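Note sheet for the following structure.
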Amino acid sequence: MRFHLDSDQIAIQDTLFGVVSEVLTREKLDAFIDGEGDFEPDSWAAVSELEFFGLMVPEALGGSGLGLLEAALVSESLGRAAAPGPFIGQFLTAIALSSTTNETARDAFLDGVAKGKTVSTFAFGGNWLPESWSVESDGKSARGEVRFVPSANAASLFLTGTKNGGIALIEAGDEVAINRHRSTDRSRPASAVKFDEAAAHTLFEPGDPLVQRLFDAALVLIAADALGGAQYCADLSVSYAKEREQFGQPIGRFQALKHQLSTMALNVEPSRSLVWYAAHAWDEEQKDASRTAALAKAHLCDRFVEVTRDAIAAHGGIGYTWEYGLNIWFRRSVFDRAVLGSPSVHRERAATLAGW
Amino acid sequence: MRFHLDSDQIAIQDTLFGVVSEVLTREKLDAFIDGEGDFEPDSWAAVSELEFFGLMVPEALGGSGLGLLEAALVSESLGRAAAPGPFIGQFLTAIALSSTTNETARDAFLDGVAKGKTVSTFAFGGNWLPESWSVESDGKSARGEVRFVPSANAASLFLTGTKNGGIALIEAGDEVAINRHRSTDRSRPASAVKFDEAAAHTLFEPGDPLVQRLFDAALVLIAADALGGAQYCADLSVSYAKEREQFGQPIGRFQALKHQLSTMALNVEPSRSLVWYAAHAWDEEQKDASRTAALAKAHLCDRFVEVTRDAIAAHGGIGYTWEYGLNIWFRRSVFDRAVLGSPSVHRERAATLAGW
Amino acid sequence: MDLSYGQAAEAFRKEVRAFIKERWAPQSVERSDMKAYVAAFRKAATEAGYLYRAIPKKWGGSEQSPDVIKAQVIREEFTRARAPMEVPGNGMNMLVPTLLERGTEEQKRLFIPPTMAGDYVWGQGYSEPGTGSDLASVRTRAELVGDKWIINGQKIWTSQGGKATHMFALVRTEPDAGKHDGISYLLIDLDQPGVSRRPIRQMTGESGFFEFFFDNAETPASWIVGERGQGWNVSRTTLKHERASIGSAAMLGNQFEKLVELAKEMTRNGQPAIKDPEVRQALTRIEGWVMSHRYSSYRIMSNAIHGDEAGIISLMMKLLLTEIGHDIALTAQDLIGDEGLVEPAPAGTRGRGPEKWLDQIMGSLGNSIAGGTTNIQRNIIGERGLDLPRDLAMERGQ
Amino acid sequence: MDLSYGQAAEAFRKEVRAFIKERWAPQSVERSDMKAYVAAFRKAATEAGYLYRAIPKKWGGSEQSPDVIKAQVIREEFTRARAPMEVPGNGMNMLVPTLLERGTEEQKRLFIPPTMAGDYVWGQGYSEPGTGSDLASVRTRAELVGDKWIINGQKIWTSQGGKATHMFALVRTEPDAGKHDGISYLLIDLDQPGVSRRPIRQMTGESGFFEFFFDNAETPASWIVGERGQGWNVSRTTLKHERASIGSAAMLGNQFEKLVELAKEMTRNGQPAIKDPEVRQALTRIEGWVMSHRYSSYRIMSNAIHGDEAGIISLMMKLLLTEIGHDIALTAQDLIGDEGLVEPAPAGTRGRGPEKWLDQIMGSLGNSIAGGTTNIQRNIIGERGLDLPRDLAMERGQ
């Protein structure tokens, strides 16, 4: 039995967080957030160089053959660092290309995606759930419109949800029109994307069980992102409470704040175990994998929202400023909560999946 | 404009609480709670002597001609003192007999009820709401079964909900079989009551708007009882926190407990205004009276449960003992919450009444 | 109980209404003339006894005896007609009451009239980086050199800081005295080389607050309110005043109504969200609090009218407002769903609807910070309201 | 990650299962012979290395090297077969580990074997009226007179107090020493004229705890564990042990399953409550916490197996259990509705179903008190887990 991280897994997280923190300086992150771009090349390059996009690609296909657990650790570190870029779409595309039977698409794109040279984002549409997807594709070209596509301007590929719950990979080009939203989450700006007979490759037909599996992986990766973000906010609040003095005391000595910080930690640390289990259940293809992914997405996104709010309160005025930066994570929590469906949507799904 | 208590109203509360606290000593209350009776004559006599049961009876009919607001103040004080006895049934019966067109019933019973000589409880049945009542009465005799009737053994009269939402007054006697529940609320033990052609008087036919009005009054009186109970628990916790020392300090100095006590006060004091308004709206027959009664019942009963739980936690071990007595109010909070329909039932009603 | 204002008040209301009808017709005024028109209206309203009621005629006020009901009627009628009331901001809310109580005749003459006219706009100079709720830990220094105070230091969280012409500030003038005894209350003209300012951008992206830097800034020796070292005391009166003015039942009621509208607009499981049982519970649960807050403010007003003490409930209104506002914002966040992914349009432009709530959500976070954090509020309820012993750490820090 | 226990453990499980199958057949035993049968089973299970694993053979244990997985497998298999494990209670959980670490040879010989046999039942004598979480404020005194300690005072909240034959107690032996330095850890035979006891009735109506009164009670001079004045230290080791043993994922999972069953049984708006959208949200919301708790306990076990430190999560399990249990109880209270008006049948008789939850609800209140209140737990997480500075008031009190 083993249900805690081994040294390799810890190394993945530490290395990544270290490299990203170094590359993505606060000035760079702030500049990105105030700018109009939707892609930050340096942090992307750092993850590419670590070969992390190929983490879940089987060794036979040139990847590291690791699992969703490791991908979740990466997602957590990126969430902690508030890294911009369509990391989750990239992971999903790597999984999809690794498991599709469309060898042409795989041969054409997998290597570039796994190496991070080709940028791929996800474009699900509808109300996020597969049954509501609406892009029409005949496996050669696709048409339809999808809102809330992260980093659309930077993407060469769109992992797209198609009508009745299939998945197509659509190529960027003149047939793809991109209309940037004023995104709440400034670190992951999204766009509305319109496909007008854009070049498309079918990866999974509607009804293929791998579609739900891919969607479940997306839920777990967002849950992990939320975990990382919540961890950052909790850590920052604790350091602040130790340094900042009031009434001649570090404010962390005041019992009310101390308990608020404990509550934050209680929102973070136990949920980490839930994320691990959700990833593990997915990797092992356990019966409860889909249901656990739904519960983890709902639980972690609620926790993230709660922790960011509490962190702002724990900081007082400074936490409410744009400059201090909690703002960035608060907005990421809004994104994580809504994207792929709100907590209540996934809780209702989890109830149904339990046969209730 | 006047929206706070005047000296007469304050006198009602203070006098009553003073008298009841004196008569209903802690030993007496404890003995009642450990006993098998369902009626405590001394506190009943005290309220009778103050002529409070006739509070809402019009002066023309020999009462004080006051409003539900004053009755709510009485209910609050009784809730604070955890007084046993079917006080709320008695008030409702006095209101019903004052407003019924059945003069025979009024002449026969109103005086005894207003003076407290005749004890009357309520027996609504179904899921509490008028549309679910089920006792059948032809105005002479009644048959049917009702659960959760407080002080049934002591009652000479049963203010009973009849099929399709009418109200009959049923006389105790051989045709009434009483089966005592093991009641959670030991201060207000209830019974299942079976009427088998028992003598009955129609007070209101189904569809009479006074039925809903009576039911609304019941909701407000329970809300006031909950307010009084919550007030007691909050006050007790504050005194305890001032007296009790730990680590060489009165525990009320510890910020976490201080904030818990503040939260208790926040659960009590603002809700008092809601109870006042609900009673006032009923007295003035305002359009929102019924809806406000529902919201007040739901809100106050939630507050009461929360405050009793917090009070127990604030006390530590001693609060969890039977002897200390918080137990009594905790069980009253369980009663108040369930009786006449749970908070969620009345919130759903309030949403419907708003036309949502 | 009687929630009506009574006959006298209704007669007064008619009078106010007639006045407004006669004097306030902004649609007929050219844009360029508007400022003068507003000033003239205010003057007339003051002469009629409707504005600047607490201010002596000597300084340009209407010098009316306090009347809670009249004040409420005036507020309601002016608001209804969107007629301008007193010049808003810290100057009228905080500085002028302080000057009336503690200022010299010269200070009153110098500062009250231009503040009432809106010519002097006042920033509050209490907080500094690092002070937080511990306002007495002032580090900005002022030294009396000749007939001038020389000021050095930094102030933060000054609202209206962009427009401010002057500042009332707490500064340390007696470095050797105790924490509270070394502070003085100075008035400072902000239009001088020694003062610079910087906007603080907030989570919403807007700049509601400013930071001020004092580098050998100067102010006349006589611009001190109260004695040297009495500044802490002087500031306490005004702060109390501020706390009482923040809570507002109408505002909260309004927010709640908007939440109900949002629930009607949004869809959930294929029907209007307001038909969803969970949403109905959430709304009515909040409504219990909103109504408790509303009738508590009537209660406080009623006590004030009758000259009675409202008690502990007065200490609760600010915190209630914050917490209920929080609940409303959280429920809105649940309701808006994907629309929360889109930012509201910048201030001044028109938002597209539901996503406007994002501002409300972030605003609810800001509320818990403005005017004292919730922890301080809870301390106050516990210590002043329930008479619990004072916090040790705070005691020791004093 | 690997949630299975591995091949070795599964082989061991087979072995345990075979042992139980062979040795544990209570249905074939007369009621009057049961006690002896259980004792014999325990003896055999100890010889097989399944019970009393941490106790040296010398004292009757099986002296096995620590193996978290084996211990878990044994727990699972014995529980499954409802076979008796070690004698439950404070004696085995708290006193024996303390004696093994700090006791004299004589004490071990005197007390461990009869405790293991269940002949000595131990009450914990830490709390006193007025101590609460401040356990070190012990006032019960013991004075050494000749070769005996003479004990006077009162202890409270002693679980199993009705059956207790002995007590391990904190008493003040050095009245002139500091708060923590004046305490000693004594063992006391409760069967003597100087000791009387009284049950404490709890909210549920049951008497889970007892109060003990010492009026010149006596205990031999040698029945002190550790040095004079070292009692506080001696007690800390065992308390840690207790805290770790309270949390239990299986128990919580069980409670949650029962809540789900309740939701299936009860009706809401004319359909099974579990079909109600609000109930479904409430259940799955709680389930997120239940699963977090469950997999956190796997994580802690996994760390223990591999000899790693689990970190802050270990400090959270007790509080999580309490808070989640609270949530479950509150949701149950919502679900049972009118059935909450009826009290559960007295212990020992069969309850009628939903109203059994009332006990659970009251129990959830009791949980937050037993084993440290939630405020203390939060302090521990903040101070030990997050390394925040110690509370001033507590510091001053020491």
For C:Ser207, the residues 5 or more places away or on another chain with a placed amide H closer than 5 Å to its own amide H are C:Gln202
Residue-averaged beta-carbon neighbours from other chains (10 angstrom radius) around A:325-333:
2
Neighbourhood charge, 13 Å Cβ-Cβ cut-off, centred on B:Thr352 and excluding it, Lys, Arg +1 and Asp, Glu -1:
+3
Where does helix C:313-336 land angle-wise versus the long Cα axis of chain C, in degrees 0 to 90, nearest 10?
50
Can you divide the C-alpha Rg of the protein assembly as shown by 2.2 N^0.38 Å and report the result to two decimal places?
1.00
Show the residues, 5+ positions off or on another chain, whose built amide H is closer than 5 Å to the amide H of A:Leu55.
A:Ser64
If neighbour count is taken as other Cβ atoms inside 10 Å, put C:Met167, A:Met1 in order from fewest to most.
A:Met1, C:Met167
The summed charge of the A:Ser134 Cβ neighbourhood (under 13 Å; Lys/Arg +1, Asp/Glu -1) stands at +1
Net charge around A:Asn102, counting only other residues with Cβ within less than 13 Å of its Cβ (Lys, Arg = +1; Asp, Glu = -1)?
-2
Normalised contact order of segment C:120-235, rounded percent, pairs of Cα under 8 Å and 6 or more residues apart:
30
Taking the axis of the rotation relating chain A to chain B, the A residue whose Cβ comes closest, together with that distance in whole Å, is A:Gln255, 2
Taking each residue of D:192-202 in turn, how many C-beta atoms of other protein chains fall within 10 Å of its C-beta, and what is the average?
2
Other chains' Cβ within 10 Å of B:348-355 residues: what's the mean?
4
How large is Rg/Rh for segment C:130-231, to two decimals, with Cα atoms and a Kirkwood Rh?
0.98
Globularity ratio of segment A:50-197, using Cα Rg and 2.2 N^0.38 Å:
1.00
With just the Cα atoms defining each centre, how far is segment B:306-356 from segment D:97-135? Give it in Å.
40
Over 20 Å intervals from 0, what percent of Cα-Cα pairs in chain B sits in each interval?
31, 58, 10, 0
From the Cα centre of segment B:212-277 to that of segment A:98-128, the distance in Å is 60
Using a 7 Å offset from Cα along the direction of the beta-carbon, what are the separations from A:Ile178 to the same position in each other copy, nm, ascending?
8.0
Return the distance in nm (one decimal) between the two label points of a simple spin-label model at C:Gln271 and D:Glu227, each offset 7 Å from Cα along Cα→Cβ.
7.5
Rounded to whole angstrom, the alpha-carbon centroid of segment C:186-233 lies from that of segment A:24-72 at a distance of 47
Over segment C:7-86, how many pairs of lysines fall under 21 Å by alpha carbon, counting only those 8 or more apart in sequence or from different chains?
10
Computed over chain C, the relative contact order (Cα-Cα under 8 Å, seq sep at least six) in percent reads 11
Chain A: relative contact order as a whole-number percent, Cα under 8 Å and 6+ apart
16
Segment D:167-276: GluC sites (Glu not before Pro) falling in loop per DSSP and having at most 13 other Cβ within 10 Å
D:Glu227
So what is Rg over Rh here for segment C:7-86, counting just Cα atoms and using Kirkwood for Rh?
0.98
With one decimal in nm and the nearest listed first, the spacings from B:Gly207 to its own position in the other copies, using label points 7 Å along Cα-to-Cβ, are 5.7
Note the distances from D:Ala11 to each other copy's matching label point, with points 7 Å along the Cα-to-beta-carbon direction, in nm, sorted shortest first.
10.3
Whole number please: convex hull volume per residue of the Cα set in segment D:73-125, in Å³?
91
Does anyone have the angle between helix B:326-338 and the longest principal axis of chain B? Alpha-carbon axes, 0 to 90°, nearest 10?
40
Measuring from the longest principal axis of the C-alpha atoms of chain A, the long axis of helix A:289-315 (C-alpha) lies at a number of degrees, nearest 10, equal to 40
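Computed from the coordinates by the stated procedures, all read-outs in this text should not be read as laboratory data. Worth saying up front: this structure is predicted, and the values here are computed from it rather than measured. Don't worry about glycine lacking a Cβ; one is built from the backbone with ideal geometry, like all the others, and counts go over all protein chains shown.
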